[in-house]
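**Q** Sending over a structure as structure tokens; questions will come in a sec.
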Amino acid sequence: MPGKVPEKATRAAAVLLGLGALAYTAWLLEVLVRTGLDPVRTYVSELAAADQPLGGLFRATDLAAGLLVLAGALAGLAATRGPRRHGPWALGGWIALAVFGAATVADSRLPLSCTPTADPECAARETAGLVPATHTAHAVSSSLAMTGALAAMVALTVAARRYGHWRPLARTGPALVVLELAATAWTLAAVAAFEAGKGTWSLGAGQRLQVLLVAVWLAVLAGSLVRRRAR
């Protein structure tokens, strides 16, 4: 009976993380529907801004993604209690993934009031500190979410390679981590340029690549859990 607990937790983690990865790519709907925002220049989170017509939809999908990933991470933690422990890298990775999920939930509840990269008046109010406190809170929760995602990607990929688990992740994880670090560097540089009044440096493209890679990594992790359970 004790051995069945990790097995059930692994199965639950795989399903939840797979669904979470799908929900985390809901912003791709902008390819099919007109949002009025340039995906090359604007933040992904501006799709969910309070003044956007589809903001409610994207806030809901962000909330769903965060809850699913949080639940999947907790299930992954439960699976590490089994007789085959995956070591400290896995433990740290699942905790970081839970932080990512929780911060994404917070992100969805702290939307921007307007779109600073698309609306000069919004940008001016933000610079002058005349926007709601949710702008600052959103920046904090977004930073925490991406930090958790990066930490989870590194730690669980190391765990997959070091402990011989999750073979698909062991094979593709390192490349995804390198690409994610590059996309994150691009995004951070673009944000700095925008805040300094030097343009957006294709901020939207960089950030969309960043979040897409997180979703792909989550899908690979979910698939790895399924394959390990089958073996």
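The values are calculated or read from the model by the stated rules, or taken from the named source; none is laboratory data. As the structure is a prediction and not an experimental result, all values here were calculated from the model. Don't worry about glycine lacking a Cβ; one is built from the backbone with ideal geometry, like all the others, and counts go over all protein chains shown. Please note that ligands, DNA and RNA were not included when accessible areas were found on the heavy atoms of the full protein model with its side chains. Shrake-Rupley method; radii C 1.70, N 1.55, O 1.52, S 1.80 Å.
**Q** Go through the stretch 14-51 and give me each residue that's more than 20 Å from the chain's Cα centre (by Cα) and farther than 19 Å from L203 by Cα. Outline the logic, then answer.
**A** Here is the first cut: in the stretch 14-51, the residues more than 20 Å from the chain's Cα centre (by Cα) are 32-38, 50-51.
Selection gives L32, V33, R34, A50, D51.
**Q** I would also like to ask the following. For A118, only one of the following conditions fails: (1) surrounded by 18 or more Cβ atoms within 10 Å (Cβ to Cβ); (2) assigned to a helix (DSSP H, G or I). What is its number?
**A** (2)
**Q** Here's a follow-up. Determine if the stretch 28-51 includes at least one residue that is touching a helix residue (DSSP H, G or I) at 6+ places or on another chain (Cβ under 7 Å), at pLDDT below 95 and hydrophobic (A, V, I, L, M, F, W, C).
**A** So far as the stretch 28-51 goes, no, none of its residues is touching a helix residue (DSSP H, G or I) at 6+ places or on another chain (Cβ under 7 Å), at pLDDT below 95 and hydrophobic (A, V, I, L, M, F, W, C).
**Q** On to the next question. Among A79, A73, A128, which is more than 24 Å from A21 (Cα to Cα) and either of a type in the set (G, A, S) or surrounded by fewer than 22 Cβ atoms within 10 Å (Cβ to Cβ) (or both)?
**A** Exactly one of A79, A73, A128 is more than 24 Å from A21 (Cα to Cα) and either of a type in the set (G, A, S) or surrounded by fewer than 22 Cβ atoms within 10 Å (Cβ to Cβ) (or both), namely A128.
**Q** Another question about this same structure. Given the conditions (1) more than 25 Å from L63 (Cα to Cα); (2) not in a helix (DSSP H, G or I), and given that P132 satisfies all but one, which numbered condition is not satisfied?
**A** (1)
**Q** While we're here: Tell me the residue from L47, L28 that is surrounded by fewer than 20 Cβ atoms within 10 Å (Cβ to Cβ) and in a helix (DSSP H, G or I), please.
**A** L28
**Q** I would also like to ask the following. Return yes or no: is A193 farther than 20 Å from S45 by Cα, in contact with a helix residue (DSSP H, G or I) (Cβ under 9 Å, 6 or more places away or on another chain) and either at pLDDT below 95 or aliphatic (A, V, I, L, M) (or both)?
**A** no
**Q** When you look at A151, is it open to solvent by 10 Å² or more (accessible area, probe 1.4 Å), under 16 Å from the mean Cα position of the chain (by Cα), within 21 Å of V216 (Cβ to Cβ) and of a type in the set (A, V, I, L, M, F, W, C), yes or no?
**A** Details: open to solvent by 10 Å² or more (accessible area, probe 1.4 Å): yes; under 16 Å from the mean Cα position of the chain (by Cα): yes; within 21 Å of V216 (Cβ to Cβ): yes; of a type in the set (A, V, I, L, M, F, W, C): yes.
Spelling it out, A151 is indeed open to solvent by 10 Å² or more (accessible area, probe 1.4 Å), under 16 Å from the mean Cα position of the chain (by Cα), within 21 Å of V216 (Cβ to Cβ) and of a type in the set (A, V, I, L, M, F, W, C).
**Q** Name, by its number, the condition in (1) open to solvent by 50 Å² or more (accessible area, probe 1.4 Å); (2) touching a residue at least 40 places away in the same chain (Cβ under 8 Å) that does not hold for L188.
**A** (2)
Residue by residue, here is whether (1) free of Cβ contacts under 8 Å to residues at least 40 places away in the same chain; (2) open to solvent by 40 Å² or more (accessible area, probe 1.4 Å); (3) in a helix (DSSP H, G or I); (4) within 30 Å of R11 (Cα to Cα) holds:
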residue	(1), (2), (3), (4)
H138	no, no, yes, no
R161	yes, yes, yes, yes
P174	yes, yes, yes, yes
G199	yes, no, no, no
G206	yes, no, yes, no
L212	no, yes, yes, yes
A219	no, yes, yes, yes
